[in-house]
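One structure is given below, encoded as structure tokens.
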Amino acid sequence: MVTSQTSAPHLTLHVFEQDGGWHWGIAIPRVAGGGFKVLAYSKVTFAQEVDAHHDGNRALDALAQNPSVQCGS
């Protein structure tokens, strides 16, 4: 799994392979109980990891600039 962060506090992009394709998710750490809360995820399955990473970074930047924006490809 590949992760990257933005300047917005605690937003993390996760890129992962599942069911023969690549996906991304953006999460923040949960305050109580540990783990992560998913804020946005890809609805599209990408053939290449790099494509999922590029699209996920686009969504991460959009979410960091405007936390109320709906992200998901």
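Nothing in this text is a laboratory measurement; each read-out follows from the coordinates by a stated rule. Computed from a prediction, not measured in an experiment: that's the story for all the values here.
For Val44, nonlocal amide neighbours, meaning residues 5 or more places apart or on other chains whose placed amide H falls under 5 Å from its own, are Ser73. An ellipsoid equivalent to the stretch 12-65, defined through the eigenvalues of its Cα gyration tensor, has semi-axes of 21, 14, 7 Å when rounded to whole angstrom and sorted largest first.
Each residue of the stretch 26-39 was assigned a 3J(HN,Hα) from its phi angle through the Karplus expression (A = 6.51, B = -1.76, C = 1.60, θ = phi - 60°), giving 10, 9, 10, x, 6, 6, 10, x, x, x, 10, 10, 7, 9 Hz with x at Gly and Pro. The H on the amide N of Leu11, modeled in the peptide plane, is under 5 Å from the matching H of Thr6, each at least 5 residues off or on a different chain.
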